[in-house]
Structures are given as structure tokens and as C-alpha cells.
Amino acid sequence: MRLFFRLKWFIRLEWRSYLLGILALLGVAMLGLIPPIMIGRFANLISERALSGATLGPIIVWIAIATVGQYLLRFGWSYFIWGTSARLERLMRLRLLNHYLEMDKPFFQKHRTGDLLAHATNDINQLQRVAGNGVLQLFDALITGVSVVAAMAVVVNPLLTIMAVVPLLGITLVAQLLGGSISAAFSAVQDMFSQLNNKTQESLMGIKVLKTVGEAAEDTADFQTKINDSIRATRHAERLDSLFNPAITILTGISFVGTIIYGGYLVQTGALSIGSLITFVTYLSALVWPFLGLGFFFNNLQRGNAAYERITTLLAEQPATLDKKGLKQVPRGDLQIDLTTFQYPDATEATLQNVHATVQAGNTLGLVGPVGSGKSTLIQLLLREFDQYAGSIKINQIDIRDYDKDTYLPAIGYVPQDNFLFSTSVLENIRFADPNISLERVQEAARWAALHDDIMNLPDGYDTQVGEQGISLSGGQRQRLAIARALIINPDILILDDALSAVDAKTEQQILTMLHNQRQDKTTIIATHRLSAVVQAAETLVFEHGRVEARGTHSDLIQEDGWYARMFAAQQLSEKLDQEVTTHG
């Protein structure tokens with residue numbers, strides 16, 4: 001019952017609905033006592049040869065009243081109890097979604113997508129089952145069980161009632177004895193379900209790679225292993241769960257045998273009428289469900305406990321970057337980076353050290369360097385994916401950690417190399433931040449990203465469906481669409497993290513020229529491996545091993561004849577050779 005105590009916050013919210021549902025159950029139970037009495041009276045009338053239209057009429061009327069009343073009240077308890085459990089499902093799904101949205105990168109590095117989906121689907125379904133079927137099973141069993149036992153004792157015979165009820169008590173005992181094992185077994189089933197989710201997602205998302213490298217057979221074998229593991233866990237849980245049915249059959253059989261023997265004796269001795277015995281047997285048949293319901297209730301309760309434990313454990317996790325709910329003003333002004341050191345939570349040494357730069361509003365900062373040199377890490381700090389670092393990053397002399405996240409993050413336009421597109425139209429993808437943005441503004445943003453002409457050549461123009469993750473577009477089109485999506489909000493800070501890698505040199509220059517002309521009072525940060533993208537930058541930082549090894553304008557870095565100069569020369573030569581190959585075909 002600990003689960004209901006932990007759900008008291010929801011019960012307080014919905015106590016009226018639950019109360020009305022329980023009262024409807026009570027009404028159903030009370031009306032359910034009428035038909036067995038009427039059936040017994042009917043049997044007595046037959047045995048006494050006193051059956052007539054006058055004596056049969058009231059029996060039919062009472063049975064009809066009970067039937068119609070139960071129909072209406074059953075609608076009532078199903079509406080209030082199941083409807084309330086659906087509201088719990090909605091609340092928990094929203095709570096999980098909001099939690100996912102609040103969490104940062106370390107959280108998603110720790111939890112795989114399949115696990116998070118399992119929490120939001122399978123676990124919540126188990127919880128909803130307790131709040132719906134569980135509540136129904138508990139109160140229906142208690143109300144029906146108490147009322148039927150009382151009727152059996154008062155209307156028929158107390159001793160016969162005791163003899164019939166005692167064996168049925170074993171159903172609840174069996175449920176409690178098996179409860180712990182069932183809980184552990186179904187926890188294992190849920191874990192296997194999460195793993196199978198993960199495997200399915202990875203196989204579908206990586207299907208092109210699997211086919212290309214010829215690993216389809218190996219992946220199928222691994223998938224089969226996951227399925228077998230899931231089946232074994234499910235079979236173990238179902239074996240434990242199936243022990244209920246034989247126990248119920250045996251105990252119910254004992255109860256009926258005792259009733260037939262002792263009840264028959266009472267009829268033979270004249271202590272009980274045949275009609276009363278029929279009433280008693282009818283009640284006894286109705287009494288099987290309450291004890292069966294208690295067994296199901298404890299079963300569902302164990303599953304719900306395991307599911308709620310998993311959900312609350314997940315919800316208890318806090319983001320590494322805690323939002324202070326601080327300044328709500330838009331971060332606008334000069335950007336000052338004064339990082340002493342930053343180390344990832346699980347790393348053994350610092351990733352960034354002594355990174356210092358000042359970017360005046362309206363200027364462009366370039367970030368270049370070998371793979372793994374620290375460029376993307378600095379961008380992660382700017383995006384507040386991590387807040388634990390020595391030093392500061394300030395905008396307009398205010399530490400970015402003091403801004404309210406809901407104000408700070410919308411002021412940044414971020415375009416990563418591997419961007420995500422939603423499975424909707426080009427139009428809706430570009431204006432995703434604000435669906436009310438006009439088509440004219442969307443087209444303007446597309447022109448800035450050198451994408452408008454490409455869009456007009458698509459089958460349905462701006463209404464063309466991009467497919468899942470933009471599969472119907474080329475790599476360069478996907479990147480430019482993501483740039484348009486960032487530009488349409490006119491961000492105070494635009495961050496391009498190798499976001500031009502899939503476009504040709506000519507298109508790149510078109511986009512960079514547009515950025516230079518249109519963002520005169522806005523800050524732009526470009527992290528790139530293609531050095532031509534930072535030629536116009538006011539300052540470029542050259543990273544190596546987490547440190548800034550060189551800095552300056554393009555001409556300054558060329559004159560230093562270091563890594564930047566050598567890499568720029570190599571890239572220029574490569575582009576020239578590519579052009580010659582294209583020209584001479």
C-alpha cells in the first residue's frame with residue numbers, strides 16, 4: 001500500500017472523483033445483493049407450488065431495478081475511476097517531458113533514449129493501471145466482499161458463511177506470498193523492454209551504416225539475443241503470475257465442496273430452505289471475484305511499485321546546470337570569456353585551460369583547431385550545458401550563469417554540424433520557434449541561408465515534407481535549413497558549430513557575406529575546420545589541447561606561419577585542385 005501513500009499528492013487533487021467512483025461501486029454492490037434473494041424466493045415459490053403472476057411480478061420488478069441501477073452506476077464508477085487514472089497518466093507524461101526538457105547533456109549521456117521512452121510509456125502505463133484498475137479492484141473487492149459476506153450471514157446462515165469464506169482467504173495470502181517475486185520479475189521485464197527499445201532505435205537509425213558495412217546479419221543476431229532475453233524474463237514473470245489461477249481454482253473448489261456438503265445437510269434437516277441454499281451459492285459465486293480482485297490488486301500494486309520507483313528515481317535527478325531563475329533581461333552586449341579551467345564531470349584532467357577573449361557586439365569570433373582541441377567544449381559552456389567551471393563567461397558584464405535560462409537560451413541561435421530536422425514541411429521547420437511567423441519572413445531567412453532557390457525547386461516548394469530527420473534533403477540543404485531556422489529569430493548571439501561543412505565554397509561565401517551585412521549589431525561565433533569561414537572574423541582563436549595557442553585576425557595568423565597558416569595553405573591548394581578537376585572534367 002506504500003504506493004498509494006506516495007501518490008497522496010494526486011489523490012488530494014482527485015479525491016472528489018475517487019469518492020464518487022467509490023460511492024458508485026457501493027451502489028453496485030448493494031444492488032447486487034437483490035437478485036440472489038429474488039432467485040432464492042423464486043426457487044422457494046416453485047418448491048412450495050405457490051408461483052403465480054402476482055408472486056412472480058415483484059421478483060421481476062426488483063431484478064429489473066437492480067439491473068438498470070447497476071448499469072447506470074457501473075458507468076459512473078468507470079467514468080470517475082478510469083477517467084481519473086487517465087489524468088494521472090497525462091500528468092506523469094507531462095512531468096516526465098518537462099523533466100527531460102530541463103535536463104542537460106550529462107543526463108542524456110547517462111540515459112539512453114530507449115530507457116527514457118520506456119519510462120514514458122511502459123512504466124507510466126503500469127502506474128495508470130494501479131490508479132485505475134488497482135483502485136477498482138481494491139474497493140470493489142472490499143465493498144462487494146463485506147456486503148456479500150454480511151448478506152450470506154444475515155440472510156442465510158452464519159456458520160455456513162464461515163465455512164465457505166475461510167478457504168477463499170487463502171487467495172489473498174497466496175497473492176502476498178508471491179508479491180515480492182512478481183515485483184522483481186516484472187522489474188526485470190521492464191529492464192529488458194528498455195534494452196530492446198534501445199536496440200530497435202539504434203538498428204533503425206543506423207540501418208544505412210549496417211547495410212553499407214555488411215553487418216546486417218550480425219545486427220540481426222544481436223537483436224535476436226535481445227528478444228530472447230526479453231522473452232525469458234517475460235516467461236519467468238508469467239510463470240509466477242500464473243500460479244494465481246491454480247491456487248484460485250483449488251481454494252474456490254474447496255469452498256464450494258464445503259458449501260454443498262454442509263448446505264445440503266442443513267436442507268435435509270430442514271434448517272435451511274432450498275431457496276436459501278440457492279441464494280447462498282449465488283452469493284458465493286459473487287464472492288469469488290472480491291478475493292480474486294484482491295489477488296489481482298496486489299499483483300498490479302507490485303508492478304506499479306516497481307514502475308513508480310523507476311520514474312521517481314529519474315525525476316529526482318537534477319541537471320548539472322541549475323537554473324537560478326535569475327535575470328530575465330535579454331543577454332545583449334559584449335561577450336567576455338575568462339575561463340581558468342574546465343573539466344568534464346567524469347574526466348581526470350582539464351579539457352579547457354586559460355581561455356580568454358572579448359567579442360564586441362556586432363563582431364565575429366572564429367574558433368579553429370584540430371579535432372578534440374576544445375572548440376565544441378567552449379560552445380557547450382556558452383550554451384550552458386555545463387556551469388561548473390573556474391572563471392567566468394559574461395555578456396554585458398553579467399555572468400551568463402546569473403541569467404534565467406528561459407531568457408538566456410532563446411537569445412542564442414545555435415546551428416550544429418549534425419542538425420535535427422522535424423518530420424514536417426520546410427516551412428514549419430524554418431519557423432519552428434514561432435509558428436506564427438509570416439511566409440515572407442521565412443523566405444527572407446531562406447535567402448539569407450542561400451536556400452530559397454533550392455526550396456523553390458522542390459516538388460511542393462515550402463510545403464515540401466522533409467521526411468524523418470530531413471531525409472529528403474541533401475546534407476548541404478539540411479545545414480542551410482538549420483541556419484535559416486536560427487536566423488529567423490534574429491538571435492543576439494549566433495553560434496555556427498561547423499555548420500557550413502556540407503556546403504560548397506561559393507555558397508559558404510554567400511552565407512558569410514550575408515551574415516556580415518545583416519548582423520552588424522549582433523555577435524557571431526563560428527567554430528569550423530574550413531578556415532575560409534573565419535577570414536572575415538574580428539578575431540580567431542586557434543585551439544590545441546584545450547588551450548589557445550594563437551589568436552588574431554586572419555592576416556595576423558597567416559604572418560605567424562603556424563598551424564593556422566599551414567592549414568589554410570593546404571585547404572586553398574585542395575580547393576584549387578578540386579576546381580581544376582571539375583573544370584577539366
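The values are calculated or read from the model by the stated rules, or taken from the named source; none is laboratory data. Just so it is clear, the model here is predicted, and its values are computed rather than measured. With ideal geometry, Cβ positions are generated from the backbone for all residues, glycine too; neighbour counts draw on all protein chains shown.
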Can Gly270 be described as assigned to a helix (DSSP H, G or I) and not basic (Lys, Arg)?
-> no
Could you run through the stretch 520-540 and say how many residues are touching a residue at least 40 places away in the same chain (Cβ under 8 Å), surrounded by fewer than 21 Cβ atoms within 10 Å (Cβ to Cβ) and not polar (S, T, N, Q)?
-> 6
Looking at the stretch 261-283, which of the residues that are crowded, with 20+ Cβ neighbours inside 10 Å and among the aromatic types (Phe, Trp, Tyr) is nearest to Thr144 (Cα to Cα)?
-> Tyr283
Hits in the stretch 426-470 - residues which are outside any helix (DSSP H, G or I), of a type outside the set (Asp, Glu) and in contact with a helix residue (DSSP H, G or I) (Cβ under 9 Å, 6 or more places away or on another chain) = Arg431, Phe432, Ala433, Pro435, Ile437, Ala449, Ala450, Leu451, Leu458, Thr464, Gln465, Val466
Select, from Thr269, Thr312, the only residue that is out of contact with any strand residue (DSSP E or B) (no Cβ under 6 Å at 6 or more places or on another chain) and either in contact (Cβ under 8 Å) with a residue 40 or more places away in the chain or closer than 30 Å to Leu541 by Cα (or both).
-> Thr312
Determine which single condition Ser273 fails, assuming it passes every other condition in (1) over 26 Å from the mean Cα position of the chain (by Cα); (2) not assigned by TED's automatic domain parsing to the domain that holds Met38.
-> (2)
Would a scan of the stretch 415-437 turn up a residue that is under 20 Å from Arg519 (Cα atoms), buried (at least 17 other Cβ atoms within 10 Å of the Cβ) and more than 31 Å from the chain's Cα centre (by Cα)?
-> no
Do we have any residue at all in the stretch 443-451 that's under 31 Å from the mean Cα position of the chain (by Cα), of a type in the set (A, V, I, L, M) and modelled with pLDDT of 90 or more?
-> no
Screening Leu251, Leu322, Leu327, Leu292 for residues that are at pLDDT below 85 and surrounded by fewer than 14 Cβ atoms within 10 Å (Cβ to Cβ) leaves only Leu322
Considering (1) basic (Lys, Arg); (2) at pLDDT below 90; (3) farther than 26 Å from Ile483 by Cα, say which one Arg519 fails and leave the rest.
-> (3)
Looking for whichever is over 22 Å from Leu142 (Cβ atoms) and among the polar types (S, T, N, Q) here; the options are Ser78, Ser52. Which one fits?
-> Ser52
All positions within the stretch 405-425 that are among the hydrophobic types (A, V, I, L, M, F, W, C) and assigned to a loop (DSSP other than H, G, I, E, B) = Phe420, Leu421, Phe422
Pairs under 6 Å by beta carbon, first residue farther than 12 Å from Leu7 by Cβ in the stretch 124-142, partner surrounded by fewer than 24 Cβ atoms within 10 Å (Cβ to Cβ) and of a type in the set (Val, Ile, Thr), six or more apart or different chains?
-> Phe139/Ile22
Which residues, taken from the stretch 550-570, are crowded, with 16+ Cβ neighbours inside 10 Å and under 20 Å from Val359 (Cβ atoms)?
-> Ala550, Arg551, Gly552, Thr553, His554, Leu557, Tyr564
If the Cβ limit is 7 Å and pairs must be 6+ apart or interchain, which residue in the stretch 492-511 that is in contact (Cβ under 8 Å) with a residue 24 or more places away in the chain pairs with which residue that is surrounded by fewer than 21 Cβ atoms within 10 Å (Cβ to Cβ) and of a type in the set (Asp, Glu)?
-> Leu500/Glu508; Ala505/Glu575
Restricting the first residue to the stretch 95-117 and requiring it to be of a type in the set (Asp, Glu), which pairs with a second residue that is part of a helix (DSSP H, G or I) meet a Cβ separation below 8 Å and a spacing of at least six or different chains?
-> Asp115/Ser194; Asp115/Asn197; Asp115/Asn198
Among residues belonging to the stretch 72-130 that are of a type in the set (Phe, Trp, Tyr) and surrounded by 14 or more Cβ atoms within 10 Å (Cβ to Cβ), point out the one that is farthest from Phe386 (Cα to Cα).
-> Trp77
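Considering only residues that are among the β-branched types (Val, Ile, Thr) and crowded, with 18+ Cβ neighbours inside 10 Å, which ones fall in the stretch 342-397?
Residues satisfying the conditions are Thr351, Val355, Val359, Thr364, Val368, Thr377, Ile379, Ile393, Ile395.
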Taking the condition surrounded by 18 or more Cβ atoms within 10 Å (Cβ to Cβ) and either within 19 Å of Pro290 (Cα to Cα) or not basic (Lys, Arg) (or both), does Leu51 pass?
-> no
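When you go through Arg93, Arg41 one by one, which is the residue that is assigned to a helix (DSSP H, G or I), of a type in the set (D, E, K, R), more than 43 Å from the chain's Cα centre (by Cα) and at negative phi?
Working: Arg93 fails: more than 43 Å from the chain's Cα centre (by Cα).
Result: Arg41 is the single residue among Arg93, Arg41 that is assigned to a helix (DSSP H, G or I), of a type in the set (D, E, K, R), more than 43 Å from the chain's Cα centre (by Cα) and at negative phi.
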Go through (1) within 22 Å of the chain's Cα centre (by Cα); (2) not in a helix (DSSP H, G or I) one by one and return the number of the condition Arg49 breaks.
-> (1)
Matching residues in the stretch 160-189 (of a type in the set (Gly, Ala, Ser) and either at pLDDT 70 or above or not assigned by TED's automatic domain parsing to the domain that holds Ala150 (or both)) number 6
Out of the stretch 101-151, which residues are under 28 Å from Ile171 (Cβ atoms) and of a type in the set (Ser, Thr, Tyr)?
-> Thr144, Ser147
